[in-house]
Amino acid sequence: MAEKSIEIMAKTIYGEARGEYRKPNCGTKSLIAVGNVIMNRHKHSGESIENICLKPKQFSCWNPWDPNRKLIENPPSADAIYVLCYVLSQKLIDLKIQDITNGANHYYSKIAKTPPYWATGHVPVFEIGNHIFFKI
């Protein structure tokens, strides 16, 4: 897989889940879960990793108004969590890490005041930290 795919996936995972990494019972699994969603969308749609991650309003860290956007545009290369996100992205793309989310292709953070419209009527298939995952 292209270097650009690995980089975009790593930035997405970092922007979406780095805060979950240090929470009890989360760690690497919280990063992998976001990567699983990206890969599940890729497998289902055939779209490129870049298109999936950068599609407007799909991963909030890429939204122009999101505070994570500036950080992921130039992530600190010495940050151990970013390095881990990069390594995990390589492994996810190479299919060396299994899906721990039961096929999830959507998720949202419990921090949101109200669930997104798309979650209505759907049962979560996985949960870790503040993230709730769905297969829609």
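Summary of computed values
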{"quantity": "Residue list for segment 40-59, filter: surrounded by fewer than 21 Cβ atoms within 10 Å (Cβ to Cβ) and touching a His at 6+ places or on another chain (Cβ under 8 Å)", "calculated": "Ser48"}
{"quantity": "Residue that is surrounded by the fewest Cβ atoms within 10 Å (Cβ to Cβ), among those in segment 18-39 that are under 11 Å from the mean Cα position of the chain (by Cα) and of a type in the set (S, T, N, Q)", "calculated": "Ser30"}
{"quantity": "Lone unmet requirement of (1) within 18 Å of Tyr108 (Cβ to Cβ); (2) within 11 Å of the chain's Cα centre (by Cα); (3) not basic (Lys, Arg) for Ser89", "calculated": "(1)"}
{"quantity": "Tally of residues being farther than 16 Å from Tyr21 by Cα and either surrounded by 13 or more Cβ atoms within 10 Å (Cβ to Cβ) or touching a Gly at 6+ places or on another chain (Cβ under 7 Å) (or both) across segment 127-136", "calculated": "3"}
{"quantity": "Residue list for segment 17-46, filter: of a type in the set (A, V, I, L, M, F, W, C) and either closer than 19 Å to Glu7 by Cβ or not in a helix (DSSP H, G or I) (or both)", "calculated": "Ala17, Cys26, Leu31, Ile32, Val34, Val37, Ile38, Met39"}
{"quantity": "Only listed residue being in a helix (DSSP H, G or I) and without any contact (Cβ under 8 Å) to a residue 60 or more places away in the chain, chosen from Lys4, Lys57", "calculated": "Lys4"}
{"quantity": "Residues that are modelled with pLDDT under 95 and part of a helix (DSSP H, G or I), drawn from segment 73-111", "calculated": "Glu73"}
{"quantity": "Selected residue (criterion: farthest from the chain's Cα centre (by Cα)) from residues of segment 1-17 that are closer than 21 Å to Pro67 by Cα and either of a type in the set (A, V, I, L, M, F, W, C) or at pLDDT below 95 (or both)", "calculated": "Ile8"}
{"quantity": "Any hit, segment 98-114, residues being in contact (Cβ under 8 Å) with a residue 40 or more places away in the chain, among the basic types (Lys, Arg) and over 20 Å from Gly27 (Cα atoms)", "calculated": "no"}
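The values are calculated or read from the model by the stated rules, or taken from the named source; none is laboratory data. None of the values given here were measured: they were computed from a predicted structure. Cβ: placed from backbone, ideal geometry, glycine included. Neighbour counts: every protein chain shown.
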